[in-house]
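Each remark here refers to the structure printed beneath this line.
The values are calculated or read from the model by the stated rules, or taken from the named source; none is laboratory data. This structure is a prediction, so every number in the text was calculated from the model and none was measured. Because the Cβ atoms are built from the backbone with ideal geometry, glycine has one as well, and the counts that use them run over all protein chains shown. The accessibility values were calculated without ligands, DNA or RNA, using every heavy atom of the protein model including side chains. Shrake-Rupley method; radii C 1.70, N 1.55, O 1.52, S 1.80 Å.
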Amino acid sequence: SDAAAPIEDAGAAETSDASPETDSGAFDAGPVANACAATQGSLQTGTNVCLFFASAARVTWQAAVLACQSRSSLLVSIPDVARNDFLTSLIGSTDIWTGANDPGTNPGANAFVWRDGTPVSLALGTWAAGEPDTVADQFCVAKTGEAAAPPSPASPWRDRPCSELKAYVCERSF
C-alpha cells in the first residue's frame, strides 16, 4: 500500500549500495554513511550531516548539550527547511530539544542562537502559531511531535523552559 512506502524508503536509506572499491571522482556517500551508521545515526540525504536521535532520553536542555558533546557532536541546529523536514520524519511524535537557546535574561527578546552562535531564523515557517512568545523562563527551543494544526506546521517549534525533560537529537558532520 502507499502508506507503507515511506517506511520501506526509510529502511532503504539505512543501507548503502556503495562498495569500498568505488573510487570515482564523484562524491561517494558510502564512507560517510558507514561512519554515520557506526554511531547509530541517520545521514541526512545529500549532506555529510549525521543525526543521532536519543529517542528514549528525557533530559533537560543542558543535559542534552552535554550528552551531545560526549558524542563529539552538537545539539542539532536547523538552518533550513530541508533539515527541519528530515527531523520531522526522524522524531515522529516525540518532542526533542534543538540546539537553539536565548542566552539572555529577557524572555521577550527571543534572541535565539544555535550552538555555533548563528542566529535562529524566525522566518522559516517552523514555529507554532504564537511562538516564540514572551512567557517567563522560556529560553530553549523544542521541536514538538505535534501533528500539523494550521497555521502551525507539523512538528512545530516552541520556546520552552530549559528545565523540561525531552528527548534530543545530536548532529555531527563527517
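Among the residues of segment 60-109, those identified as modelled with pLDDT of 95 or more and of a type in the set (V, I, T) are T60, V65, V76, I78, T88, I91, T94, I96, T98. For segment 43-61, residues that are touching a helix residue (DSSP H, G or I) at 6+ places or on another chain (Cβ under 6 Å), open to solvent by less than 40 Å² (accessible area, probe 1.4 Å) and in a strand (DSSP E or B) total 1. What's the total number of residues in segment 127-147 that are within 22 Å of G104 (Cα to Cα), among the hydroxyl-bearing types (S, T, Y) and at pLDDT 95 or above? Adding up the residues that qualify gives 0. For S89, the criteria (1) assigned to a helix (DSSP H, G or I); (2) out of contact with any helix residue (DSSP H, G or I) (no Cβ under 8 Å at 6 or more places or on another chain); (3) of a type outside the set (K, R) hold in every case but one, which is (2).
Only residues that are under 21 Å from F52 (Cα atoms) and open to solvent by less than 40 Å² (accessible area, probe 1.4 Å): list them for segment 94-108, please. Matches in segment 94-108: T94, I96, W97, T98, G99, A100, N101. If you filter segment 161-174 down to residues that are over 16 Å from the mean Cα position of the chain (by Cα) and either crowded, with 19+ Cβ neighbours inside 10 Å or at pLDDT below 95 (or both), you find that the one that is nearest to A67 (Cα to Cα) is C162.
Kindly provide the set of residues from segment 109-136 that are loosely packed, with under 12 Cβ neighbours inside 10 Å and touching a residue at least 12 places away in the same chain (Cβ under 8 Å), ordered by number.
Here is the first cut: in segment 109-136, the ones loosely packed, with under 12 Cβ neighbours inside 10 Å are 116-117, 119, 123, 129-130, 134, 136.
Across segment 109-136, the qualifying residues are D116, A129, T134, A136.
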